[in-house]
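Asks: One structure follows; several queries about it will come next.
The values are calculated or read from the model by the stated rules, or taken from the named source; none is laboratory data. Predicted model, so just to flag it, every value in this text is computed and none were measured. For neighbour counting, all protein chains shown are included, and Cβ atoms are generated from backbone atoms with ideal geometry for every residue, glycine included. Only protein heavy atoms, including side chains, enter the accessible area calculation; ligands, DNA and RNA are left aside. Shrake-Rupley method; radii C 1.70, N 1.55, O 1.52, S 1.80 Å.
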Amino acid sequence: MAPTEETLPSDADDTPSAARASSDSPQQPARMPRWLPRAMVLALALVACYRLASWAFDQLTGLLLNILIAFFLALAIEPAVDRMAARGMRRGLATGLVFLAILIGTAGFFTLLGSMLADQIMTMVQDFPQYLDNVVSWINDTFHTHLSRLEIQDSLLHSDWLQSYVKNSADNVLDVSAQVLGG
């Protein structure tokens, strides 16, 4: 078979036949595929659904956390309530007594914790001069300096930054205590 003129490559055949045909006629604008608008609407709808779900989850996080805490609390008190109900006590009264016992136990725990913390703070304040003497003697021995505890203590007690720090700490302790009691 001899090659014909249609099958022979030529310099003009560098472009596809559709492009050659369009070069002969006036240029038509390229059309977007028919599926593209539907795909864009679907993508935007999915993004909107995701945003709505994340917003709803953010709004419901507190509620979901409370439900989870209530669930675990119910699991924790169930054995005690069941024992009381088995002995003839009504479940509502048994639940109330268990919660009262938990409240008293929690209050006792925080009371003991607070008294231990207060004792530790008082011990630290009373022993502060001894701690400072130990630090000053270590600095003097290590770095061959001649610092005095009384000078350091006097400069610390009369410094503005320490007074502002103590004032801010007292305010923060009050805020934290209010939040703990509120919780």
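Asks: Does segment 1-59 hold any residues that are open to solvent by less than 100 Å² (accessible area, probe 1.4 Å), modelled with pLDDT under 90 and assigned to a helix (DSSP H, G or I), and which are they?
Replies: Within segment 1-59, ALA12, ASP13, SER17, ALA18, ALA19, ARG20, ALA21, SER22, SER23 meet the criteria.
Asks: Are any of the residues in segment 75-87 within 30 Å of PHE57 (Cα to Cα), open to solvent by less than 60 Å² (accessible area, probe 1.4 Å) and at pLDDT 95 or above?
Replies: For segment 75-87, residues within 30 Å of PHE57 (Cα to Cα), open to solvent by less than 60 Å² (accessible area, probe 1.4 Å) and at pLDDT 95 or above: present.
Asks: Out of curiosity, is VAL125 open to solvent by 70 Å² or more (accessible area, probe 1.4 Å) and farther than 16 Å from VAL180 by Cβ?
Replies: yes
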